[in-house]
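Scroll down for the structure; my scribbles are underneath it.
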(Lines give C-alpha, C1' and ligand atoms only; values in the text may rest on other atoms or scores of the structure.)
Protein backbone atom coordinates (compact mmCIF):
# COMPACT_ATOMS: atom_id res chain seq x y z
CA UNK A 1 0.00 0.00 0.00
CA UNK A 2 1.39 3.33 -1.03
CA UNK A 3 0.77 6.32 1.18
CA UNK A 4 2.57 9.55 0.33
CA UNK A 5 2.52 12.69 2.46
CA UNK A 6 -0.29 14.24 0.44
CA UNK A 7 -2.57 11.28 1.02
CA UNK A 8 -1.59 11.14 4.67
CA UNK A 9 -2.58 14.79 5.07
CA UNK A 10 -5.95 14.12 3.49
CA UNK A 11 -6.59 11.22 5.88
CA UNK A 12 -5.47 13.34 8.82
CA UNK A 13 -8.03 15.94 7.85
CA UNK A 14 -10.72 13.27 7.60
CA UNK A 15 -9.78 12.03 11.08
CA UNK A 16 -9.74 15.55 12.44
CA UNK A 17 -13.22 16.34 11.19
CA UNK A 18 -14.68 13.00 12.25
CA UNK A 19 -13.05 12.88 15.66
CA UNK A 20 -13.88 16.53 16.36
CA UNK A 21 -17.56 15.80 15.95
CA UNK A 22 -17.27 12.56 17.95
CA UNK A 23 -15.51 14.43 20.77
CA UNK A 24 -18.39 16.89 20.99
CA UNK A 25 -20.86 14.01 21.20
CA UNK A 26 -18.74 12.25 23.82
CA UNK A 27 -18.54 15.43 25.87
CA UNK A 28 -22.34 15.67 25.81
CA UNK A 29 -22.70 12.11 27.02
CA UNK A 30 -20.40 12.30 30.00
CA UNK A 31 -20.72 15.98 30.85
CA UNK A 32 -16.97 16.58 30.78
CA UNK A 33 -14.71 18.61 28.60
CA UNK A 34 -12.79 16.49 26.08
CA UNK A 35 -9.27 17.08 24.90
CA UNK A 36 -8.40 15.42 21.65
CA UNK A 37 -4.93 14.54 20.40
CA UNK A 38 -3.82 15.44 16.89
CA UNK A 39 -4.95 12.46 14.78
CA UNK A 40 -2.26 10.00 13.72
CA UNK A 41 -2.36 8.22 10.39
CA UNK A 42 -0.30 5.08 10.45
CA UNK A 43 0.26 2.07 8.28
CA UNK A 44 1.11 -0.58 10.82
CA UNK A 45 2.33 -4.14 10.55
CA UNK A 46 -0.46 -6.47 11.71
CA UNK A 47 2.07 -8.08 14.05
CA UNK A 48 2.17 -4.83 16.03
CA UNK A 49 -1.60 -4.46 16.25
CA UNK A 50 -1.96 -6.19 19.66
CA UNK A 51 0.08 -3.47 21.36
CA UNK A 52 -1.26 -0.28 19.73
CA UNK A 53 -2.86 0.81 23.01
CA UNK A 54 0.08 -0.29 25.19
CA UNK A 55 0.48 -3.56 27.10
CA UNK A 56 -1.02 -6.44 25.11
CA UNK A 57 -2.12 -8.20 28.30
CA UNK A 58 -3.93 -5.18 29.74
CA UNK A 59 -7.64 -5.73 30.45
CA UNK A 60 -9.63 -3.55 28.06
CA UNK A 61 -13.11 -3.00 26.69
CA UNK A 62 -13.51 -2.60 22.96
CA UNK A 63 -16.61 -1.52 21.06
CA UNK A 64 -16.50 -2.32 17.35
CA UNK A 65 -18.74 -0.84 14.67
CA UNK A 66 -18.57 -1.79 11.00
CA UNK A 67 -19.52 0.83 8.45
CA UNK A 68 -20.38 0.30 4.83
CA UNK A 69 -21.72 2.15 1.82
CA UNK A 70 -19.52 3.94 -0.70
CA UNK A 71 -16.56 3.13 1.51
CA UNK A 72 -16.37 0.49 4.22
CA UNK A 73 -14.33 -0.18 7.31
CA UNK A 74 -14.41 -0.41 11.07
CA UNK A 75 -14.44 1.89 14.05
CA UNK A 76 -12.91 0.66 17.30
CA UNK A 77 -13.33 2.40 20.66
CA UNK A 78 -10.90 1.13 23.27
CA UNK A 79 -10.89 1.95 26.98
CA UNK A 80 -9.05 0.13 29.76
CA UNK A 81 -11.30 -1.50 32.35
CA UNK A 82 -10.53 0.94 35.12
CA UNK A 83 -11.54 3.82 32.87
CA UNK A 84 -14.68 2.00 31.72
CA UNK A 85 -15.97 2.05 35.25
CA UNK A 86 -15.22 5.76 35.66
CA UNK A 87 -16.79 6.48 32.30
CA UNK A 88 -19.97 4.60 33.19
CA UNK A 89 -20.24 6.51 36.45
CA UNK A 90 -20.10 9.75 34.45
CA UNK A 91 -22.67 8.50 31.94
CA UNK A 92 -25.09 7.51 34.69
CA UNK A 93 -24.10 10.47 36.92
CA UNK A 94 -23.81 8.16 39.89
CA UNK A 95 -21.15 6.53 42.06
CA UNK A 96 -22.96 3.24 42.11
CA UNK A 97 -23.08 1.36 38.87
CA UNK A 98 -26.35 -0.13 37.66
CA UNK A 99 -26.63 -3.81 36.77
CA UNK A 100 -24.45 -5.30 34.04
CA UNK A 101 -27.07 -5.30 31.29
CA UNK A 102 -27.56 -1.56 31.78
CA UNK A 103 -23.81 -1.04 31.60
CA UNK A 104 -23.66 -2.98 28.33
CA UNK A 105 -26.52 -0.97 26.87
CA UNK A 106 -24.78 2.26 27.82
CA UNK A 107 -21.53 1.18 26.13
CA UNK A 108 -23.48 0.07 23.09
CA UNK A 109 -25.13 3.46 22.95
CA UNK A 110 -21.76 5.16 23.38
CA UNK A 111 -20.52 3.15 20.38
CA UNK A 112 -23.52 4.15 18.30
CA UNK A 113 -23.25 7.83 19.16
CA UNK A 114 -19.49 8.17 18.75
CA UNK A 115 -19.38 6.30 15.46
CA UNK A 116 -22.48 8.07 14.20
CA UNK A 117 -20.96 11.47 14.95
CA UNK A 118 -17.70 10.60 13.20
CA UNK A 119 -19.41 9.18 10.13
CA UNK A 120 -21.85 12.08 9.93
CA UNK A 121 -18.99 14.57 9.86
CA UNK A 122 -17.31 12.61 7.08
CA UNK A 123 -20.58 12.42 5.22
CA UNK A 124 -21.18 16.18 5.48
CA UNK A 125 -17.68 16.83 4.27
CA UNK A 126 -17.33 14.31 1.47
CA UNK A 127 -20.90 13.52 0.55
CA UNK A 128 -20.17 9.82 0.99
CA UNK A 129 -23.16 7.75 1.93
CA UNK A 130 -22.31 5.58 4.95
CA UNK A 131 -24.26 3.14 7.09
CA UNK A 132 -23.16 1.76 10.43
CA UNK A 133 -23.76 -1.69 11.89
CA UNK A 134 -24.92 -2.40 15.44
CA UNK A 135 -21.94 -2.41 17.81
CA UNK A 136 -20.20 -5.58 18.94
CA UNK A 137 -18.22 -5.71 22.17
CA UNK A 138 -15.32 -7.56 23.74
CA UNK A 139 -13.75 -7.32 27.20
CA UNK A 140 -10.42 -9.06 27.59
CA UNK A 141 -6.66 -8.83 27.05
CA UNK A 142 -5.86 -6.04 24.59
CA UNK A 143 -3.88 -8.38 22.34
CA UNK A 144 -6.64 -10.96 22.08
CA UNK A 145 -9.30 -8.35 21.37
CA UNK A 146 -7.39 -6.12 18.95
CA UNK A 147 -5.94 -8.97 16.90
CA UNK A 148 -9.41 -10.48 16.50
CA UNK A 149 -11.06 -7.18 15.55
CA UNK A 150 -9.46 -6.77 12.13
CA UNK A 151 -8.63 -10.39 11.38
CA UNK A 152 -10.93 -10.34 8.35
CA UNK A 153 -8.76 -7.58 6.81
CA UNK A 154 -5.55 -9.55 7.17
CA UNK A 155 -6.42 -12.32 4.72
CA UNK A 156 -4.10 -10.94 2.05
CA UNK A 157 -2.78 -7.82 3.78
CA UNK A 158 0.14 -7.64 6.18
CA UNK A 159 -0.44 -3.96 6.98
CA UNK A 160 -3.44 -2.11 8.38
CA UNK A 161 -4.15 1.58 7.98
CA UNK A 162 -5.15 3.23 11.25
CA UNK A 163 -6.55 6.71 11.83
CA UNK A 164 -6.04 7.14 15.53
CA UNK A 165 -7.25 9.84 17.90
CA UNK A 166 -7.09 9.79 21.65
CA UNK A 167 -9.78 11.47 23.72
CA UNK A 168 -8.90 12.63 27.21
CA UNK A 169 -11.91 13.51 29.31
CA UNK A 170 -12.17 15.92 32.22
CA UNK A 171 -9.88 16.39 35.18
CA UNK A 172 -9.77 12.66 35.72
CA UNK A 173 -7.85 12.29 32.44
CA UNK A 174 -10.02 9.41 31.38
CA UNK A 175 -8.61 8.04 28.12
CA UNK A 176 -10.45 6.61 25.18
CA UNK A 177 -8.74 5.47 21.97
CA UNK A 178 -10.68 6.03 18.77
CA UNK A 179 -9.57 4.05 15.71
CA UNK A 180 -11.02 4.55 12.26
CA UNK A 181 -9.91 1.74 9.94
CA UNK A 182 -10.93 2.09 6.29
CA UNK A 183 -10.83 -1.07 4.25
CA UNK A 184 -7.99 -0.96 1.76
CA UNK A 185 -10.23 -1.22 -1.29
CA UNK A 186 -12.10 1.88 -0.16
CA UNK A 187 -9.08 4.14 -0.06
CA UNK A 188 -8.77 4.85 -3.77
CA UNK A 189 -12.39 5.85 -3.89
CA UNK A 190 -11.98 8.07 -0.85
CA UNK A 191 -8.94 9.85 -2.31
CA UNK A 192 -10.65 10.32 -5.63
CA UNK A 193 -13.63 11.89 -3.96
CA UNK A 194 -11.56 14.15 -1.71
CA UNK A 195 -8.91 15.27 -4.17
CA UNK A 196 -11.56 16.10 -6.72
CA UNK A 197 -13.72 17.81 -4.13
CA UNK A 198 -13.13 20.00 -1.14
CA UNK A 199 -9.39 19.45 -1.03
CA UNK A 200 -8.51 20.48 -4.55
CA UNK B 1 15.51 -31.10 33.33
CA UNK B 2 16.87 -27.62 34.11
CA UNK B 3 15.98 -26.94 37.70
CA UNK B 4 15.83 -23.17 37.73
CA UNK B 5 14.19 -20.55 35.59
CA UNK B 6 17.33 -18.55 34.99
CA UNK B 7 18.78 -21.08 32.56
CA UNK B 8 15.73 -20.89 30.33
CA UNK B 9 15.70 -18.54 27.40
CA UNK B 10 12.29 -17.00 26.83
CA UNK B 11 11.20 -16.10 23.33
CA UNK B 12 7.97 -14.22 22.65
CA UNK B 13 6.29 -15.17 19.40
CA UNK B 14 4.29 -12.42 17.74
CA UNK B 15 1.12 -12.88 15.78
CA UNK B 16 1.78 -14.46 12.34
CA UNK B 17 5.22 -15.54 13.47
CA UNK B 18 7.00 -18.60 14.84
CA UNK B 19 9.99 -19.66 16.91
CA UNK B 20 11.82 -22.88 17.69
CA UNK B 21 14.16 -23.99 20.46
CA UNK B 22 15.65 -26.75 22.56
CA UNK B 23 15.19 -27.83 26.18
CA UNK B 24 16.56 -24.55 27.53
CA UNK B 25 13.84 -22.53 25.87
CA UNK B 26 10.43 -21.21 26.85
CA UNK B 27 8.28 -20.09 23.93
CA UNK B 28 5.47 -17.68 24.77
CA UNK B 29 2.71 -16.03 22.82
CA UNK B 30 0.49 -13.41 24.44
CA UNK B 31 -3.11 -12.46 23.90
CA UNK B 32 -4.46 -15.15 21.61
CA UNK B 33 -8.02 -14.28 20.64
CA UNK B 34 -9.37 -15.97 17.55
CA UNK B 35 -5.78 -16.76 16.55
CA UNK B 36 -4.31 -20.15 17.49
CA UNK B 37 -0.94 -21.00 18.99
CA UNK B 38 0.29 -24.45 17.92
CA UNK B 39 3.05 -26.01 20.03
CA UNK B 40 4.85 -28.95 18.42
CA UNK B 41 7.20 -31.05 20.52
CA UNK B 42 9.55 -33.99 20.05
CA UNK B 43 10.00 -35.33 23.56
CA UNK B 44 13.05 -37.44 22.67
CA UNK B 45 15.20 -34.69 21.19
CA UNK B 46 13.44 -32.05 23.34
CA UNK B 47 13.14 -29.84 20.34
CA UNK B 48 9.97 -27.83 19.92
CA UNK B 49 8.38 -24.92 18.13
CA UNK B 50 5.46 -22.56 18.33
CA UNK B 51 3.56 -20.93 15.49
CA UNK B 52 0.89 -18.23 15.99
CA UNK B 53 -1.57 -18.47 13.09
CA UNK B 54 -4.35 -15.95 12.38
CA UNK B 55 -6.35 -17.52 9.57
CA UNK B 56 -7.29 -20.99 8.29
CA UNK B 57 -6.18 -21.03 4.65
CA UNK B 58 -3.48 -19.30 2.71
CA UNK B 59 -4.95 -17.70 -0.43
CA UNK B 60 -1.41 -17.10 -1.74
CA UNK B 61 -0.02 -14.73 0.88
CA UNK B 62 3.72 -14.39 1.33
CA UNK B 63 3.67 -14.56 5.11
CA UNK B 64 3.09 -18.30 5.24
CA UNK B 65 3.12 -18.61 9.03
CA UNK B 66 -0.01 -16.46 9.20
CA UNK B 67 -2.15 -19.38 7.99
CA UNK B 68 -2.83 -22.81 9.51
CA UNK B 69 -2.47 -24.79 6.28
CA UNK B 70 0.96 -23.37 5.38
CA UNK B 71 2.27 -22.36 8.83
CA UNK B 72 2.17 -25.83 10.40
CA UNK B 73 4.12 -27.63 7.61
CA UNK B 74 6.66 -24.79 7.68
CA UNK B 75 7.19 -25.21 11.43
CA UNK B 76 7.67 -28.97 11.00
CA UNK B 77 10.43 -28.39 8.44
CA UNK B 78 12.17 -26.00 10.83
CA UNK B 79 11.96 -28.58 13.62
CA UNK B 80 13.31 -31.35 11.40
CA UNK B 81 16.32 -29.22 10.57
CA UNK B 82 16.98 -29.01 14.33
CA UNK B 83 16.91 -32.77 14.75
CA UNK B 84 13.26 -33.43 15.54
CA UNK B 85 11.51 -36.32 13.80
CA UNK B 86 8.07 -35.78 12.34
CA UNK B 87 6.69 -39.13 13.53
CA UNK B 88 7.63 -38.26 17.11
CA UNK B 89 5.99 -34.83 17.11
CA UNK B 90 2.89 -34.16 19.18
CA UNK B 91 0.78 -31.00 19.26
CA UNK B 92 -0.90 -28.77 21.82
CA UNK B 93 -3.22 -26.08 20.58
CA UNK B 94 -4.52 -22.93 22.29
CA UNK B 95 -6.86 -20.10 21.19
CA UNK B 96 -9.58 -19.94 18.54
CA UNK B 97 -11.99 -17.94 20.70
CA UNK B 98 -14.93 -15.83 19.53
CA UNK B 99 -14.08 -12.49 21.14
CA UNK B 100 -16.77 -10.11 19.93
CA UNK B 101 -20.43 -10.32 20.88
CA UNK B 102 -23.49 -8.33 19.91
CA UNK B 103 -25.66 -6.85 22.64
CA UNK B 104 -27.85 -9.96 22.54
CA UNK B 105 -24.78 -12.07 23.37
CA UNK B 106 -24.24 -13.69 19.96
CA UNK B 107 -20.71 -14.16 18.71
CA UNK B 108 -20.23 -11.91 15.67
CA UNK B 109 -17.21 -13.44 13.94
CA UNK B 110 -16.67 -17.11 13.29
CA UNK B 111 -12.96 -17.02 12.43
CA UNK B 112 -11.94 -18.62 15.73
CA UNK B 113 -14.04 -21.71 15.04
CA UNK B 114 -12.78 -21.92 11.46
CA UNK B 115 -9.22 -21.70 12.72
CA UNK B 116 -9.75 -24.59 15.14
CA UNK B 117 -11.13 -26.75 12.36
CA UNK B 118 -8.28 -25.89 9.97
CA UNK B 119 -5.60 -26.55 12.59
CA UNK B 120 -7.13 -29.93 13.49
CA UNK B 121 -7.48 -30.91 9.82
CA UNK B 122 -3.93 -29.88 8.94
CA UNK B 123 -2.43 -31.80 11.88
CA UNK B 124 -4.56 -34.85 11.12
CA UNK B 125 -3.51 -34.90 7.46
CA UNK B 126 0.15 -34.73 8.44
CA UNK B 127 -0.38 -37.42 11.08
CA UNK B 128 0.42 -35.41 14.21
CA UNK B 129 -1.63 -36.17 17.29
CA UNK B 130 -3.13 -33.39 19.42
CA UNK B 131 -2.35 -34.33 23.02
CA UNK B 132 -3.57 -31.15 24.68
CA UNK B 133 -5.89 -28.32 23.78
CA UNK B 134 -7.59 -25.29 25.26
CA UNK B 135 -9.60 -23.78 22.41
CA UNK B 136 -12.85 -22.02 21.58
CA UNK B 137 -15.20 -20.26 24.02
CA UNK B 138 -15.09 -16.49 24.32
CA UNK B 139 -11.96 -15.40 26.13
CA UNK B 140 -8.35 -14.51 25.37
CA UNK B 141 -5.38 -16.65 26.33
CA UNK B 142 -1.61 -16.35 26.71
CA UNK B 143 0.45 -19.53 26.38
CA UNK B 144 3.87 -20.54 27.68
CA UNK B 145 5.51 -23.62 26.15
CA UNK B 146 8.32 -25.15 28.25
CA UNK B 147 10.66 -27.19 26.09
CA UNK B 148 12.30 -29.05 28.99
CA UNK B 149 9.23 -31.28 29.28
CA UNK B 150 6.73 -30.03 26.70
CA UNK B 151 4.17 -28.64 29.11
CA UNK B 152 2.06 -25.68 28.09
CA UNK B 153 0.65 -23.20 30.59
CA UNK B 154 -2.42 -21.20 29.60
CA UNK B 155 -3.17 -17.89 31.29
CA UNK B 156 -6.53 -16.07 31.01
CA UNK B 157 -8.28 -13.28 32.88
CA UNK B 158 -10.16 -14.31 36.03
CA UNK B 159 -9.43 -17.97 35.43
CA UNK B 160 -6.95 -20.30 37.09
CA UNK B 161 -3.72 -21.05 35.31
CA UNK B 162 -4.21 -24.21 33.28
CA UNK B 163 -1.48 -26.68 32.34
CA UNK B 164 -2.02 -28.90 29.31
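Side notes on the structure shown:
- Only one of A:130, A:107, A:119 that is under 15 Å from residue A:77 (Cβ atoms), surrounded by 17 or more Cβ atoms within 10 Å (Cβ to Cβ) and more than 14 Å from chain B (Cβ to nearest Cβ): A:119
- Looking across the stretch B:96-126, just one residue is under 15 Å from residue B:51 (Cβ atoms), surrounded by fewer than 19 Cβ atoms within 10 Å (Cβ to Cβ) and under 15 Å from the mean Cα position of the chain (by Cα), and that is B:120.
- Considering (1) more than 14 Å from the chain's Cα centre (by Cα); (2) closer than 16 Å to residue A:166 by Cβ; (3) not in a strand (DSSP E or B), the lone condition that residue A:16 does not fulfil carries the number (1).
- Conditions (1) surrounded by 14 or more Cβ atoms within 10 Å (Cβ to Cβ); (2) at pLDDT 95 or above; number of the one not met by residue B:129: (1)
- Positions within the stretch B:137-153 being surrounded by fewer than 17 Cβ atoms within 10 Å (Cβ to Cβ) and within 13 Å of chain A (Cβ to nearest Cβ), in sequence order: B:137, B:138
- Strands (runs of 3 or more DSSP E) fully within the stretch B:1-95 counting 3 or more residues that are more than 11 Å from chain A (Cβ to nearest Cβ) and buried (at least 22 other Cβ atoms within 10 Å of the Cβ): B:36-42, B:47-53, B:89-95
- Any hit, the stretch A:87-103, residues being at pLDDT below 90 and either assigned to a strand (DSSP E or B) or within 18 Å of residue A:183 (Cα to Cα) (or both): no
- Search result, residues across the stretch A:91-104 that are free of Cβ contacts under 8 Å to residues at least 24 places away in the same chain and either within 14 Å of chain B (Cβ to nearest Cβ) or over 23 Å from residue B:138 (Cα atoms) (or both): A:92, A:94, A:95, A:96, A:97, A:98, A:100, A:101, A:102, A:103
The values are calculated or read from the model by the stated rules, or taken from the named source; none is laboratory data. Note that the structure is a prediction, hence the values are computed from the model and not measured. In this analysis, Cβ positions are derived from the backbone assuming ideal geometry, glycine residues included, and neighbour counts consider all displayed protein chains.
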